[in-house]
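We did not get these values from a lab; they are worked out from the coordinates using the rules stated. In this text, all values refer to a predicted model and were calculated from it rather than measured experimentally. Here the Cβ is made from the backbone with ideal geometry for all residues, glycine too, and neighbour counts use every protein chain on show.
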Amino acid sequence: MYAKKWKEFPEDDQGYAIYHRLLPKENATNLDIALVRVKPGQTIPPHTHENEDQAYIVLEGRGILRLGGKEQELSEQMIVHIPPNTEHSVSNPDSIHEFKYIYVASWF
């Protein structure tokens, strides 16, 4: 168990986004939580997750979600559910500000 501010977690810079692993898979039974900061003008590449439900909680900015071949604009206070085996990607169309959301995943 721990209680920390998200800024206390190390940054994992993937080039297109910075991840703060708030509750990494290895620290929980079947839960993974991260703060994701998509850089201006960048896209998280399309990908899928087998046996993993995901939810995004949008904190700040505006993003574009591509989910199963459809696009949806995301903004603050939105919740997104991504079912297992569904291709998805997230883009930040803003040229100045990051797009920030909390990623929650549970696998079975």
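Assorted remarks:
- Reduced Cα scattering model of the chain, Debye log10 I(q)/I(0), q = 0.18, 0.24 Å⁻¹: -0.90, -1.50
- The chain, relative contact order [Cα under 8 Å, separation at least 6], %: 31
- Spacing of the two label points (7 Å from each Cα toward its C-beta) at Gln77 and Phe9, in nm: 2.5
- DSSP-assigned coil residues among trypsin sites (Lys or Arg not before Pro) in the stretch 1-56, each with at most 15 further Cβ atoms within 10 Å: Lys4, Lys5
- Whole-Hz couplings from phi, Karplus 6.51/-1.76/1.60, listed for the stretch 10-19; x for Gly and Pro: x, 8, 10, 8, 9, x, 8, 8, 10, 10
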